[in-house]
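Heads up, the thing below is written out as C-alpha cells.
A short reminder: the numbers here are calculations on the coordinates, not readings from a lab. Keep in mind the model is a prediction, meaning the values are calculated, not measured. Cβ sites come from the backbone with ideal geometry, for glycine too, and all protein chains shown count toward neighbours.
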Amino acid sequence: MRYFVGVGEEQHYGRAAKRLGIAQPALSRQIQDLERELGFALFDRLPRGVKLSAAGKLFLDDARQILQHVDEAKLRAERVANGKAGTLRMGFVESISWHGVVPDSFRRFRLRQPDVELELHPLPDLTVTPGFKYVEWSRSVAAPLEQKTVPVVPVFASYTTTRDLPFMTVNYKIEPSWSVYAQYAQGIQIPDISSFEQAKPTTTYPKAQTTTNYQLGTVFYADQFTFDADVYYIGVNNNIIYQLCSVAPFTGSAGETCALNTGTATYRGIEGEGTYAFDGMLEGLTVFLNGSVGSGKTGGLWIKGVPMWTSAQGIFYKRGVWKVSLIDKVVGQQYSDLANTSFYKLPAYTNMDFKVSVDEGPLEFGVGVSNVMNSRSIGAVTINDKAPIGANLTDYANRGTSLDQYYFQPSRGFQFTVKARF
C-alpha cells in the first residue's frame, strides 16, 4: 500500500523508488501484483511516467487514510506494550468509596496515565467504563520545492490540532443471557499532510472532522440463538466529502479530486442481527439475518453514497470435512449527487456469494462463486456532466454524449483454491 501511495503521489516510478528506498523493477512488480489482486488498473502507463487512472485516484485517498490508521494503531499498540495504555478494572463499595482517597486517587491516576481506560464496578451487574483521551497532532511541511504546486515553489507550513476526547460505556446485565448497554464517545479525523500539497500554495490547514457518538443497544444469547440490536446517533462537525473539482461549488479540473466541507452532518439509524444454530439432524447448519435502516444527512439532504438501508442473510454449514456458505447482501437506495435529484438516485442492488470446501488430509480444496445471480446493477456514479443527459441513468440510448462514469457490479466470477497445512 505504501508503494502505491508513493507512486501515486510522485506519478513517476524512478522518483517513487528513490523516495521509498527500493529498486525500480521491484517497485514496478509490487504495483503490478497489487493491480492483479484488485482486478483493475491503478495507473495509465505513459511514454514518460505514469498517471493515476480514475479508479486509482479514488483508491489513493482511501490508501492514505488506511496508512494513517495503521501508523496510529502502531503507536497505540506500542503504548499498551510499554504499560502506558490499556484497561484497569476496579471495584468499590458504592456507599463509602466516593469520599476522600478514592476520587483523589482516580484524579491523580488520570493525570499520570491519560491513555489507560479505567473500569469502575459499582454494582455486580453494572459496569461503567469512563475514559478520556487527549489528542495533540502536529503536521508540518518544509519543501524547498513543492512538486504539487503550479508553478513549483517553496512551501513551509505547520499546524497543530488538539482536542479532548471523553468516552463512556455502561453495561447492565438484566439476566445471565441478556444485557443492555449505552455508549458515548467523541472522535476526530485529522486531515493528513497532503492538505498542504496543492496546486496553489496554501498555509491554511483544513479543520479536523469531529464526531459525537451515542449508541443504545441490547444483546441476548442462548444455546442456539443469539440476537443483538441497537440505535445510534452520530453528529459530525466539519463534515468532509470528496468529489471532482469540476462539480459545483468548485470550478476546477475534472481530473482532480476536491474536499468539500459541508459543515454539520448527522447519521442515525437502527440495526440488528440474529443467528440460529440447528442441532440434531441439522447439526452444523447456521442461519443468520441482519439489517439496518438509517440516514446520513447534511444541510437537510442525504450525503451521497450513504444507503438508506442494508441487509444480509445467509447460511453456513460445517460438518465433518465439508464447509458451505451462501450469503446474500443487499444495499438500499442511495444518491450519487449532493442535490438529491431523482435522476442520480440509485436503486437497491444485491450480491450473492457461494463457497464450498472439503478437507482431504492436509489439503483443503475449495470452490467459490461471486455474484451468483450475475447482477450487473449500478453501484456508483461519478458525475462529470454539467446537467443530466437523457431520461434517467439507464437511458443509455440517449446518454451517448454523457461524461458520467459508471461503476457496475463485477460479473459472475469463479475461484478455485487449494490450501495445504504443514
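Which chymotrypsin sites (Phe, Trp or Tyr not before Pro) from region 1-62 combine a DSSP loop assignment with at most 15 other Cβ atoms within 10 Å? If you can, show how the numbers build up before the last one.
Numbers: sites: Tyr3, Phe4, Tyr13, Phe40, Phe43, Phe59; in loops: Phe40.
Those that pass, being in a loop and sparsely packed, are Phe40.
So which lysines pass the test for Lys297, namely a Cα distance under 21 Å, with those fewer than 8 places away in the same chain ruled out?
Straight-line reach from Lys297, under 21 Å: Lys207, Lys345.
Taking springs between alpha-carbon atoms closer than 10 angstrom, which of Ala380, Ala41, Ala185 fluctuates most in the Gaussian network model of the chain?
Among Ala380, Ala41, Ala185, the largest GNM mean-square fluctuation belongs to Ala41.
Tally Lys and Arg at +1 and Asp and Glu at -1 over the other residues with C-beta under 14 Å from the C-beta of Tyr221: what net charge comes out?
On the way: positive: Lys173; negative: Glu175, Asp223, Asp228, Glu273.
Charge balance near Tyr221 sits at -3.
Quick one: which residues, 5 or more positions from Leu52 or on another chain, have an amide H under 5 Å from its amide H? H modelled 1.01 Å from N in the peptide plane, none for Pro or chain starts.
Asp44
Over the chain, with a Gaussian network built from C-alpha contacts below 10 Å, which listed residue (Val180, Val247, Val150) shows the highest mean-square fluctuation?
Between Val180, Val247, Val150, it is Val150 that shows the largest mean-square fluctuation.
How much net charge surrounds Val170 when only the other residues with a Cβ under 13 Å from the Cβ of Val170 are counted, with Lys and Arg +1 and Asp and Glu -1?
Numbers: positive: Lys173; negative: Glu119, Asp125.
That sum, taken over residues with Cβ under 13 Å, equals -1.
Could you compute the net charge surrounding Gly21? Neighbours are other residues with a C-beta less than 13 Å from the C-beta of Gly21; K and R count +1, D and E count -1. Spell out each step's value before the answer.
Values: positive: Arg2, Arg15, Lys18, Arg19; negative: none.
So the surrounding residues net to +4.
Just want to confirm a number: the relative contact order over the chain, from Cα pairs under 8 angstrom separated by 6+ residues, in percent.
Numbers: 840 pairs, mean separation 27.0, N = 422.
Relative contact order here is 6 percent.
Just the number, please: percent antiparallel of the DSSP beta bridges in the chain, rounded to the nearest 5.
Details: 137 of 143 bridges.
Once the DSSP bridges in the chain are tallied, antiparallel ones form about 95 percent.
For every helix of n ≥ 4 consecutive DSSP H residues, a contribution of -39,500 (n - 2.57) applies; sum these over the chain, divide by its total residues, and give [θ] at 222 nm rounded to the nearest 500 deg cm²/dmol.
Values: 5 runs with 72 residues, N = 422.
Result for the chain, helices only: -5500 deg cm²/dmol.
Return the lysines within reach of Lys419: Cα separation strictly under 18 angstrom, same-chain partners fewer than 8 residues apart disregarded; answer none if there are no such residues.
Straight-line reach from Lys419, under 18 Å: Lys318, Lys323, Lys355.
Within the chain, what's the longest run with no GluC sites (Glu not before Pro) in a DSSP loop and at most 15 other beta-carbon atoms within 10 Å? Give the range, please. Write out the running numbers ahead of the final one.
Working: sites that count: Glu94, Glu256, Glu283.
That gives 95-255 as the longest site-free run.
Could you work out how much longer the chain between Asp385 and Met1 gets when fully extended? Use 0.36 nm per residue separation minus the Cα distance between them, nm to one decimal. Write down the numbers at each step before the final one.
Numbers: separation 384, 0.36 × 384 = 138.24 nm, distance 3.20 nm.
Length difference between fully extended and current span is 135.0 nm.
Arrange the following residues from fewest to most other Cβ atoms within 10 Å of their Cβ: Met1, Met308. Intermediate results must be reported in sequence, preceding the final value.
Values: Met1 14, Met308 18.
Final ranking by Cβ density, sparse to dense: Met1, Met308.
Checking the cross-link filter: which lysines have an alpha carbon closer than 21 Å to that of Lys74, excluding same-chain neighbours under 8 positions apart?
In chain and number order, the partners are Lys84, Lys133.
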